[in-house]
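The values are calculated or read from the model by the stated rules, or taken from the named source; none is laboratory data. For clarity, every value in this text was computed on a predicted model and none was experimentally measured. Cβ: placed from backbone, ideal geometry, glycine included. Neighbour counts: every protein chain shown. SASA here: full protein model, heavy atoms, side chains in, ligands and nucleic acids out. Shrake-Rupley method; radii C 1.70, N 1.55, O 1.52, S 1.80 Å.
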Amino acid sequence: MSVASDVAAAVAFTGYPVHQVSYDGELETYFTLNMNAIPSDFADDAPQHDRWLIQLHLFAPFTLNTTTIRRQIRDALFAAGFTYPSLVDASESARSSDGTEQHVVFEFEATEAI
């Protein structure tokens, strides 16, 4: 499995779709995912691992109470082997053009052998 599919599997319990970079669907609540890889643990002039810096974005309408699910998502990601996520509320002060108002970002890391 890839790092992206591991993230999607970890949050599958929510029932919300997970798409890399952007989501063009009709659902009001969804995740997007972006990842950056940094080579690390060099030996014999080559990296042995990729260190993944991951952001999982939860978009939801303002009417959805996300307090409980935020903790559940953080716990699920940690249980799946990722570092414990930091949480950033990146919500706009006004409704976005797609109708969402909540934008919660989970930031965490993973390591993958090359």
Using a 1.4 Å probe on the protein heavy atoms, what percent of the accessible area of the chain belongs to carbon and sulfur? 50
I'd like the FRET efficiency for Q72 and S2, computed as 1/(1 + (r/R0)^6) with the beta carbon distance as r and R0 of 22 Å, rounded to 0.05. 0.45
Excluding ligands, DNA and RNA, what is the solvent-accessible area per residue of the chain at a probe of 1.4 Å, expressed in Å²? 58
For an R0 of 35 angstrom, estimate the FRET efficiency from the Cβ-Cβ distance between A79 and V21 and round to the nearest 0.05. 0.85
Taking Cα atoms, how many degrees apart are the long axis of helix 67-79 and the longest axis of the chain, rounded to 10 and kept between 0 and 90? 20
Any idea what the relative contact order of the chain is, in percent, if you count C-alpha pairs under 8 Å spaced at least 6 apart? 27
Quick check on the chain: helices-only [θ] at 222 nm, where DSSP H runs of length 4 and up contribute -39,500 (n - 2.57) each and the sum goes over total residues. Nearest 500, please. -5500 deg cm²/dmol
Given backbone amide H placed at 1.01 Å from N, residues whose amide H is under 5 Å from that of Y16, ignoring those fewer than 5 places away on the same chain, are none
Can you run phi through the Karplus equation (6.51, -1.76, 1.60; θ = phi - 60°) for the range 22-37 and list ³J(HN,Hα) in whole Hz, with x for Gly and Pro? 8, 10, 10, x, 9, 5, 7, 10, 6, 10, 10, 9, 9, 9, 10, 10
Please work out how much length the chain gains when fully extended from Q55 to F13, using 0.36 nm per residue of separation minus the C-alpha to C-alpha distance, in nm with one decimal. 13.3 nm
